[in-house]
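Chemist: Pasting in a structure now, in structure tokens, and then I'll have a few things to ask.
The values are calculated or read from the model by the stated rules, or taken from the named source; none is laboratory data. Predicted model only: the values in this text are computed from it and were never measured. Because the Cβ atoms are built from the backbone with ideal geometry, glycine has one as well, and the counts that use them run over all protein chains shown. When the accessible area is computed, the model is the full protein with side chains, heavy atoms only, and any ligands, DNA or RNA have been set aside. Shrake-Rupley method; radii C 1.70, N 1.55, O 1.52, S 1.80 Å.
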Amino acid sequence: MLNDNVPAGSQILPFYLADGSSDAALIRGRMASVGMAASTIIARHNYPDLVGRLQAEALALAACLSSTLKFDGVFTLQAKGDGLVRTLFADITQAGHLRGYCALDEDQSQLAAIQLAQPNDDAVQIVPLMGGGYIAFTVDDDATGGRYQGIVELDGPHLSDAAMRWFENSEQTDTMVLCAADTGPSGWQASALMLQRIATEGGEAVSAAGAKAASDDAWHTAKTLLSSVTRAELLDSALTPEEIIFRLFNSMAPHVAPARAVTDQCRCDVQKVESMLTQLSVDDVNDLADADGALHITCEFCKTERVFNKNDLPAFQS
Ligand SMILES: [Zn+2]
């Protein structure tokens with residue numbers, strides 16, 4: 001197969017679908033399969049199982065959504081809630097460098113009840129876990145310095161539903177996306193599978209009407225086929241994304257493009273932390289420093305700890 005060179009658990013696979021009678025692309029698709037990156041990202045944190053599942057879904061969804069947008073920079077999915085999970089974060093660069101973290105409320109007394117109420121055979125229900133809040137989808141484009149953000153309310157049932165509402169609001173493009181994540185003997189599996197209808201071209205009235213009908217039919221068929229995919233299929237480590245696409249959309253002449261690799265890679269570095277520290281007030285630095293004047297700064301994404309001495313900071317030198 002075309003994409004044997006990219007591991008099945010760390011890729012974004014672009015594809016398109018036709019109506020079976022011709023090769024004209026009617027539907028654009030993406031499948032992100034990021035279990036390998038999710039496994040090492042989540043292993044650095046000590047999340048309850050259900051929070052790990054939510055994080056894995058967010059990583060897959062961010063990878064999937066990012067690949068539909070044209071930008072040279074960073075795509076971020078960030079949800080803020082007032083429930084057990086206060087912050088859910090996943091971001092990915094155009095080069096496929098993925099990272100994420102969750103921040104939890106100190107009060108976890110409701111955790112057992114929430115975990116018990118979650119179906120094991122479906123995507124995570126976000127409202128019981130996160131409460132009320134919002135989800136922001138942000139593109140930071142390094143080339144233009146521009147920032148484009150869409151915000152939707154944090155209501156579920158699933159993370160993928162929030163993504164579909166964002167597409168409805170921002171692009172007015174018919175979009176359907178599903179997420180699945182779970183942990184097993186070989187680590188995390190985390191997948192997001194997305195379809196987007198390609199706008200039909202204008203033109204002569206009669207052929208435009210024909211094209212519209214073909215597009216309507218194809219969209220309906222593709223949605224039905226996507227709805228038929230099982231969670232077990234999406235999470236089957238023995239199936240590559242390419243195999244899933246061909247199995248699922250066999251009747252719609254699927255065409256796959258080269259897969260893009262996704263890797264667990266943070267963007268923190270010592271200079272960034274130093275420049276953050278130099279902007280703090282003397283009081284803030286003293287609050288952070290231990291009795292010996294050492295500042296232990298841990299990256300919340302990758303958990304790398306860096307140690308500084310406050311006397312090396314400009315504010316403490318005279
Ligand atoms: Zn880091």
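Chemist: Considering all projection directions equally, how large on average is the shadow of the alpha-carbon convex hull of region 270-316, in square nanometres?
Modeler: Across all orientations, region 270-316 yields a mean hull projection of 3.1 nm².
Chemist: Another question, then. Quick one: dipole size for the chain, taken about the Cα centre, charges +1 on Lys/Arg Cβ and -1 on Asp/Glu Cβ, in debye to the nearest 20.
Modeler: Dipole size: approximately 440 debye.
Chemist: Order 82-89, 244-251 from most to least packed using the mean count of other Cβ atoms within 10 Å.
Modeler: 82-89, 244-251
Chemist: In square angstrom, rounded to the nearest 10, how much accessible surface does CYS268 have for a 1.4 Å probe?
Modeler: 40 Å²
Chemist: Something else now. Using θ = phi - 60° and the Karplus relation 6.51 cos²θ - 1.76 cosθ + 1.60, list the HN-Hα couplings for region 126-140 in order, rounded to whole Hz, with x at every Gly or Pro.
Modeler: 3J(HN,Hα) across region 126-140, in whole Hz: 7, 5, x, 7, 10, x, x, x, 8, 10, 10, 10, 10, 10, 9.
Chemist: Output ³J(HN,Hα) for region 145-157: one whole-Hz value per residue in order, computed from phi by the Karplus curve 6.51 cos²θ - 1.76 cosθ + 1.60 with θ = phi - 60°, and x for Gly and Pro.
Modeler: Values per residue, Gly and Pro as x: x, x, 10, 10, 10, x, 10, 10, 5, 7, 10, x, x Hz.
Chemist: Please build a GNM for the chain, connecting alpha carbons under 10 Å apart, and tell me which residue among VAL127, VAL273, VAL177 fluctuates the most.
Modeler: VAL273
Chemist: What lysines does LYS223 reach when the alpha-carbon gap must be under 18 Å and sequence neighbours fewer than 8 apart in one chain are set aside?
Modeler: LYS223 reaches LYS212.
Chemist: Given the protein chains as shown and a 1.4 Å probe, how many square angstrom of GLU300 are accessible, to the nearest 10?
Modeler: 100 Å²
Chemist: For the chain, set up a GNM with springs between Cα atoms under 10 Å and report which of ARG197, ARG28, ARG306 has the largest fluctuation.
Modeler: Answer for the Gaussian network model of the chain: ARG306.
Chemist: Given the rule -39500 (n - 2.57) for each run of at least 4 DSSP H residues, summed and divided by the residues of the chain, what is its mean residue ellipticity at 222 nm, to the nearest 500 deg cm²/dmol?
Modeler: My calculation for the chain gives -9500 deg cm²/dmol from helical runs alone.
Chemist: For region 218-291, count all C-alpha to C-alpha pairs, find those more than 20 Å apart, and express that count as a whole percent of the total.
Modeler: 60 percent
Chemist: Let me ask something additional. Could you provide, to the nearest whole Å², the per residue accessible area of the chain with probe 1.4 Å?
Modeler: Dividing the accessible area of the chain by its residue count gives 47 Å².
Chemist: What's the FRET efficiency of ALA208 with ASP121 using the Cβ-Cβ distance as r and R₀ = 41 Å, to the nearest 0.05?
Modeler: On the way: r = 43 Å, r/R0 = 1.06.
The computed FRET efficiency comes out at 0.40.
Chemist: Does anything in region 162-186 have its amide N under 17 Å from the 7 Å Cα→Cβ label point of ALA238, and if so which residues?
Modeler: Label zone hits: 184-186.
Chemist: So, one more: First compute the accessible area of the chain with a 1.4 Å probe, then give the percent of it belonging to carbon and sulfur atoms.
Modeler: Exposed carbon and sulfur together represent 50 percent of the surface.
Chemist: Right, something else. Hey, which of these cross-link pairs are over 25 Å Cα-Cα: LYS70/LYS272; LYS272/LYS310; LYS80/LYS303?
Modeler: On the way: LYS70/LYS272 27 Å; LYS272/LYS310 16 Å; LYS80/LYS303 21 Å.
Listed pairs above 25 Å: LYS70/LYS272.
Chemist: What is the set of long-range amide H partners of GLY83 at a cut-off below 5 Å, with H atoms built 1.01 Å from backbone N?
Modeler: Long-range HN contacts for GLY83: GLY131, GLY132.
Chemist: Another question, then. Which order do peptides 254-260, 47-53 fall in by mean Cβ count within 10 Å, highest first?
Modeler: Ranking the peptides 254-260, 47-53 by packing returns 47-53, 254-260.
Chemist: Moving on to the next point. Can you tell me the Rg and Dmax of region 166-302, counting just the alpha carbons, in angstroms?
Modeler: Radius of gyration, then largest Cα-Cα span, for region 166-302: 24.4, 80 Å.
Chemist: Cα atoms only, the chain: Rg and Dmax in Å?
Modeler: Just the Cα atoms of the chain yield Rg and Dmax of 21.9, 80 Å.
Chemist: When all protein chains stay in place, what accessible area (Å², nearest 10, 1.4 Å probe) is found for PHE15?
Modeler: 10 Å²
Chemist: Also, quick follow-up: Give me the distance between the Cα centres of region 1-46 and region 276-318, rounded to whole Å.
Modeler: What the calculation gives is 41 Å, centre to centre.
Chemist: For region 134-192, what ratio Rg/Rh do Cα atoms give with a Kirkwood hydrodynamic radius?
Modeler: 1.08
Chemist: GNM, the chain, Cα, under 10 Å: largest mean-square fluctuation among HIS45, HIS220, HIS97?
Modeler: For the chain, modelled as a Gaussian network with Cα springs under 10 Å, the answer is HIS220.
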